Each structure stands twice: as C-alpha cells, then as structure tokens.
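Reading through the structure tokens given below for one structure.
Derivation of every value follows stated rules applied to the coordinates shown; laboratory data play no part. All of these numbers come straight from a predicted model, not from anything done at the bench. With ideal geometry, Cβ positions are generated from the backbone for all residues, glycine too; neighbour counts draw on all protein chains shown.
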Amino acid sequence: MCGIVGIVRSDTKPVDEVLLSRMSAAIRHRGPDDDGFYVKGGVGLGMRRLSIIDIKGGQQPIHNQDRTAWIVFNGEIYNFLELRQKLEKLGHRFYTNSDTEAIIHAYDQYGADCPKHLRGMFAFAIWDERTQELLLARDRVGKKPLLYAQLNDQLVFGSEFSALLLHPEVSRDIDIKALDYYLSFKCVPAPHTAYSAIKKLEPGHSLRWRKGEIKIERYWQPDFSHKLKVSEEEAGERALEVLRDAVKVRLMSEVPLGAFLSGGIDSSAVVALMSEVASGPIKTFSIGFEEQDFSELHHARRIAEHVGADHHEFIVRPDALEVLPLLVEHYGEPYADSSAIPTYYVARETRKHVTVALNGDGGDEAFAGYERYAAMKLAQKYHRLPALLRESVVEQAVGLIPTSEVRRSRARDAKRFLKAASLPQVERYLHWVTDFDLNDRRDLYSENFRHEVGDSDARDVLAPWFARANGSGVVDAALLADTMTYLPNDLLVKVDIATMAVSLEARSPFLDHHVIEFAASLPENFKLRGLTTKYLLKRMLKRLLPAENLNRRKMGFGVPIGDWFRGKMQPFLRETLLSEKALNRGLFKPTEVRRLVEQHTHSERDYAHQLWTLLMLELWFQRFID
C-alpha cells in the first residue's frame, strides 16, 4: 500500500525534481516506510511505500527485464504469484518477490490490457521508454484513488489532492457544476473534482498519454444480463465458496493483520471466514460511542466470542472540532459523509495493533443490503395500482399518521417512500439517496449560483447506469448504479482516506471482482426476497453466525451529528455557516442557510445531514480556496 505521484512533459524541459520530491512528501502518510523516484528528462515518477509484501526487496520504482519500462504502484495484487508463474513460463525473469514486478511484466506481455489480468486493488503508472508513453490504470471498483491534471505541456498525477495542488500550474479554480453534484451526493462523483483543472480517473479505466495526447478506455464493468440457472441451495454454496476464496487471498501479508468488526452481516461474515482459515485467533477491532443509539459494540462482541477472536474495543468520544481539520485536509475536496469520523477513529486505533485490516465494504452493493432496493421494487408494484386508489386511500391514510420532523421512524420512512414512489425510476432513486433534492437546491441557491450551475443535473450521474443494466430488473439496475457511483465516489474514498491517513491498509473481500461478478449473475430474487435484503447471504450465513446478528435491522456507521448541532457543536456551526465570509460567497441565499440552522437547532426540523454538507463545504473553502 503506497501513494504515487508523477509528472510527464511533452516539451523538452526536464522535470523539476525538487517539486516531484515535495509532491511525494505531501503523501508521506500513505507510505511512511520508504520512498523512490524515477527521473529521466521530461519524465518523473515518485512513490511512498507502506511495506506489506517483499519488505526487503520490493522498493519502487520497479523496472522490467531490460529496464525500458518503469512502474510506481499503490495497492495489492492478490493473484501475483499465479501471474508470475504464468509469465515465467513465457520467458519473463524477475528480480524481486513483489507484486509490483508482476504488473510491469504483465504490461510487457499484454500491453494496455494488463489491468484485466490483475486481481486486487490498484492505481499505478507505467512509463515506457520505448514508446514514450505513460499508462495510468485504476482498479475495477475504485478502491485506490488516482487524480490527474492535463496542463498545456505536461500531465501531473497523484494519489491525493495535496500532491497535485503543490504544482504551481495546477489551478484551484472551482468546478461549479461539481459543487452542484456535491450538494446532491455529499461527494463529487468521478471523473469530476471540485477543481476545474483536476480529474479523477474513473474505476475500471486506463489512461494512455503520449506527446500530450490522452486516450481513456474502460476495461471492466459488471454484467447483470447473464443469469445463472442454479438452485437456491447451489447458489448459496457457490456464494460462500467465492467469498471464502476472496477472504483467503487477502490474508497474504508479511506484517500483522486483523479485521474491522462492526457486528453487521458483512464484517461478521468476513471475520467468520477468516477464522476458518487462520492458524490462530484473529484480531478484531470495534468502535463504540457513549450514545447507545450509535453503538454496535454488543453485536460485535457477540461475533468475536462466537469465533474466538482476539477482540479489541474502543469507546471514543468523538471530538469533531478536533478531527474535522484533519479530515478536510486529507480529503482535499468537499466530502460530507459523516461516517468518515468513526471510520477515522477505528482506523487510528486499529493501526496501533496491526498494519492490515480486512472489512465488509461492498457486501450491500453486491448482495442487495440497503433498504432502498426493497423500496425500489415495492415502488414498482405501488406504481401499478390505480391512481385513484393510490391518491384517495393509501396516501391519505399514510398522511394521517403522526410523525416527528426530528426523529427517524417507520412512519416517517413511509411518508418519504410515498413522496418518491410515483416518480420515474432514476428520479425515485435519487430522491432516496440525496439530502438536497432539486427543489431544495433551487430554494438554497442564489440567483448567480443557479445561473452558473446551468443545466447541471444530478440525474445525469445515475441515468447511464440504469440504462446500462441491460434490461435487468429495477433491483439489479440500482445495484449497478450503486456499484459504479455511490461505492467508489463515497464509501471507498472514505475508507481509503481514513485508513491511509494513519498508514493502515484496508482490504475488502466483498469487492473482489470475482465476488461482484458472481453476485451480478444471481437472479434478483436470490438477493432480495420480498422485503428481505441479502436473502441468499443471510440464509447461507446461518451456519456461521448467530441469528441475532443476521436478523436485526441495518444500523449503519454513523455519529449523532443532529444532537451535536443542537448541543456542543452549535456555536461552531453558527460561527462557520453564518459568518459574514460564508454568507457572502454568493453560492446560497443567506436567509435559507439561516432557516436551516435555526429550525434544526430549535428542534423544529431535522436538517442534520444538510447542515453537515454545508459545513464541510465551507471548511473546504476556508482551507483550500481562501
């Protein structure tokens, strides 16, 4: 696990080695063990290394057999030994035992198609002296980040914004449409970033640069159109088999290894499967809070006892005012998933014991774990009811149910469901995943900002994926959209930044492309049965996990930001969002921002997530723009 940076020039000027070194130093936290550089004329590659495999011999950059191609690499390749054996039979000769060298030889053998032969998480850059071409590639689902900026005569790239923004020619001008997307999704979706000059290489893509020209290609996406014709029992056995294999290959390490354990189905499944193949008790790490509504420690403890783990628990009292500057600094652009706070804390505490931690990320997107998948399917059936019945009976009846505007409840969820159930598919889905819908943003935006945003439409991020679902059902379409948008743009960014900030490597068995492709091949009703999410997975895990952990409602990994904004964080919230500088940025109507703050802090409405989104945006402005 590492961080990479680089500069390639199309003119005759040499790369500024001091600048390249500074860019590398900016991401030292991603790899505190070592650094390395390749500089030759107008080409400079740099990296920071967190040593996991071939600790003694795996220093980068690594070259091919005749030193005509060089690579810097961030990630782990889990099939590198098999790939190496295959390449050796084809005549390739290796000088290290690292997974990095397997990539450069795969490049020599397969060219730009080499990412298709890799199993793992990766972002890498290869400079080919023979063709004077740079190849950048990112793993299939975007576990590892890769940013780039194309300037007049050079391409600059790196793992984090902090590196690219050191380059004097990389502008900090804001991409206005990206801010509109941010308000919709709480993050900026790839390929956009908050900066006009910087782009994200999308997951499953490669980029080739030669003499200033860029060519970007997609090499992978999951296919939901070809369904397995198997019995439920056989599908379940194969699901466990493919997941067990994904866990097993991720236990490869020369450093201490453990697992995050929330007590939810996905992390519990990973821990249970780890315990089957581990030679001794596995180390598990859980985090809890004083607010019991946000603590899952008792569920995690039950799993740890069940598998005989060496279990570690941390009760944290999150100090948002302490950790927010650090998070804003590392994310580098607006990012408003508040679960970044507990993710950072559990990563920080885990790093005191191990260097690698497995987690359950991706299980919801593979096997249909979110309640919104059930809502999408239910909405289809609801939409088929006669309009008169929907409007005069169902909606009026639900409308009579008293609900709180402050606390979440099933009744409140029902009203939210009905508000979107009759909308077209993409709009319906967007309504359930956004905190600021189109009307909310129109009310919030100033006239000037609305004009600058223009025809930007958050639906444009999701619609292509619903269209690419190859005629699959609504659940598979939503799974594909989540896998290609929500997962890489929000969840994986959160985990990568939080873990790398403390030099911890996170591994995700559910994100193995073999697992994702298998799950995509399952019929919808194997993943969602009625209103039962993760139906097949839950059925098969009965033999591995306690029933209490399988049957409880999904909780999520949150923090009580709503209460914080009414209590200890209220002064900070007001000082930040209602400051003269913030209100005069020209983005939002001051009266609307004040309304959100006042109604929330006086417990009239729950605007916790909206206010968190605005707060993180303003803190980003203060750190990176002002």
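Quick notes on this structure:
- Residue order, fewest to most beta carbons within 10 Å, for 495, 156: 495, 156
- With neighbours defined as other Cβ atoms within 10 Å of a residue's Cβ, the residues 274, 121, 569 order from fewest to most as 569, 274, 121.
- Of all DSSP bridge pairs formed entirely within the chain, close to 75 percent run antiparallel.
- Global form of segment 1-82, assessed from the alpha-carbon gyration tensor, a/c cut-off 1.5: oblate
- Whether segment 305-373 is rounded, prolate or oblate, judged on the alpha carbon gyration tensor where a/c under 1.5 counts as rounded: oblate
- Between segment 293-351 and segment 66-112, the C-alpha centres lie 36 angstrom from each other.
- Dividing the convex hull volume of the alpha carbon atoms of the chain by its residue count gives 156 Å³ per residue.
- Reach of residue 86 by Cα under 15 Å, taken over aspartates and glutamates that are not fewer than 8 positions away in the same chain: 99, 101, 108
- Prolate/oblate/rounded label for segment 207-335 (Cα gyration tensor, a/c 1.5): oblate
- Normalised radius of gyration (Cα atoms, divided by 2.2 N^0.38 Å) for segment 560-626: 1.04.
- Separation of segment 1-27 from segment 237-262 is 35 Å, based on Cα centroids.
- Going from the fewest other Cβ atoms within 10 Å to the most, the residues 511, 544 appear in the order 544, 511.
- Normalised by the number of residues in segment 2-218, the average gap of Cα pairs under 8 Å and 6 or more apart makes the relative contact order 19 percent.
- Of 186/377; 143/542; 143/215; 229/283, those spanning more than 27 Å from alpha-carbon to alpha-carbon: 143/542; 229/283
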